[in-house]
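The values are calculated or read from the model by the stated rules, or taken from the named source; none is laboratory data. Note that the structure is a prediction, hence the values are computed from the model and not measured. Here the Cβ positions follow ideal geometry from the backbone for every residue, glycine too, while neighbour counts run over all protein chains shown. Heads up: the accessible areas ignore ligands, DNA and RNA and are worked out on the full protein's heavy atoms, side chains in. Shrake-Rupley method; radii C 1.70, N 1.55, O 1.52, S 1.80 Å.
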Amino acid sequence: MGIKNKLTVMSFLQFFVWGAWLITVGNYWFGTKQWSGAEFGAVFSTLGISSIIMPAITGIIADRWINAEKLYGILHILGGLAICYIPQVDNPTTFYWVIFAAMLCYMPTISLSNSVAYNILKNNNFDVVKVFPPIRVWGTIGFIVAMWITNLSGNKASANMFYISAFASFVLGIYSFALPKCPPQKLIAEDSTFAKKLGLDAFKLFGTYKMALFFIFSMFLGGALQLTNMYGDTYLSEFANVPQYADSFVVKYSTIIMSISQISETLFILAIPFFLKRFGIKQVMLISMLAWVLRFGLFAYGNPADGLWMIVMSCVVYGMAFDFFNISGSLFIETTTDSRIRSSAQGLFMMMSNGFGAFFGGIVSGIVIDKFFTHDGVRDWHNIWLSFAGYALIIAVAFAVLFKHKHYPEDVSKVSH
């Protein structure tokens, strides 16, 4: 198997492991187990905590002591063991701790898979900028295929979704040991401060008004990102409680409908260079925030019959909402920070959006839905989505007013070439 094909398989399995349960776990939690919303929010906060503490630690281990591909394989095998145990769990507290253990192993493998791919491609004289994106797209395809398998095999609310995920995790873990070697680079100097080793030196960027503002908005938007992952599939499945929609395509194949979001994600990536050149980084970030308002608003008014177009449109808009902020935010860091702390700053961006954003988004949304929008065990989805749309709109307006950034087209073209 060629180098590119080996990395394509790795990328496919990396996100297949996640896609098998991430979007459907709400169905298992609310439908099969009948547990409460407040505790469910805490489960998704484990993604945030793991994103905050683990990537830097595993980065240091791979840089100093162990081959990156071996560490990557070990983490997938350990994560697979934790996921495999979930079906035995019969209370929310234990579920939380087992998922937390699984996420401590899984979240750092996202950045590790990128490092392994970059390393192997560079060592084999490939142009990383040209060759990596088509490999990475197979990760999203893996996520979509896993969602379809979970749904079509009738497991979107059953414990089997975890077995599907664990099996893929074990396969990837074993497969990793057959990848080309990525020995420790020892790029982090021995005498570096502890803060520098953990990439915490980028926190000094909070001393600049504009950067502090950018990171705070990243956190608020990171909260929005997890909301549809957490509740989207459950929302569509609960149309089964309305007699006229009970047998609809949307209820039976909710996970496949949700996968339109991931398909849209792969297509909007292709549109980003055009939008960035035309509108600039700030406007593209703002378009992303308004897309979140649409994402939630369309869900609020959609239904499986005459409102089906709204549900589908919401999933299409997700691609723009997700990609435009992630990629334009990353380019903002690339074009405005000192090269010496750039990689730490990128890490901080991910920490604020996927870490703190996911943590607070998970906890707060769970409590709010339970307290204000659940009556006798029935969730008022219309007002839940409207409140999320209002949240995204407030962020968008505040960002437009407070965040000042001059667009220089040459900045963007310098990075993209």
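Some observations on this one:
- Diffusion coefficient, µm² s⁻¹, Stokes-Einstein with Kirkwood Rh over alpha-carbon pairs of the range 1-154 at 20 °C and 1.002 mPa s: 129 µm²/s
- Highest-fluctuation residue, Ala202, Ala358, Ala400 considered, GNM on the chain with Cα pairs under 10 Å: Ala400
- Accessible area expressed per residue, the chain, with surrounding protein chains retained (probe 1.4 Å, Å²): 42 Å²
- The chain, Rg to Rh (Cα coordinates; Rh as Kirkwood inverse mean 1/r): 0.95
- Whole-Å distance, taken between Cα centres, linking the range 264-325 and the range 1-29: 23 Å
- Overall Cα dimensions of the range 144-303 - principal axes, largest extent first, Å: 65, 44, 29
- The chain: calculated mean residue ellipticity at 222 nm from DSSP helix runs of at least 4, using -39500 (n - 2.57): -25000 deg cm²/dmol
- The range 245-380 shape via C-alpha gyration tensor axes, a/c threshold 1.5: oblate
- Fraction of accessible area attributable to carbon and sulfur, the chain (%, probe 1.4 Å): 68 percent
- The residue among Met285, Gly319, Gly232 whose Cα reaches farthest toward the positive pole of the charge dipole of the chain, with charges on the beta-carbon of Lys, Arg, Asp and Glu, is Met285.
- Of the cross-linked pairs Lys204/Lys282; Lys130/Lys186; Lys277/Lys404; Lys33/Lys371; Lys6/Lys70, those separated by over 24 Å at the C-alpha level are Lys130/Lys186.
- Phi-derived couplings, Karplus 6.51 cos²θ - 1.76 cosθ + 1.60 at θ = phi - 60°, listed residue by residue for the range 151-163: 6, 5, 8, x, 10, 6, 10, 10, 5, 4, 4, 6, 5 Hz, with x used for Gly and Pro.
- Volume per residue of the convex hull around the Cα atoms, evaluated for the range 6-91, comes out as 111 Å³.
- The Kirkwood radius of the range 221-314, taken over pairs of alpha-carbon atoms, gives through the Stokes-Einstein law at 20 °C and 1.002 mPa s a diffusion coefficient of 148 µm² s⁻¹.
- Alpha-carbon geometry of the range 82-164: the Rg and the Dmax are 16.9, 51 Å, given in that order.
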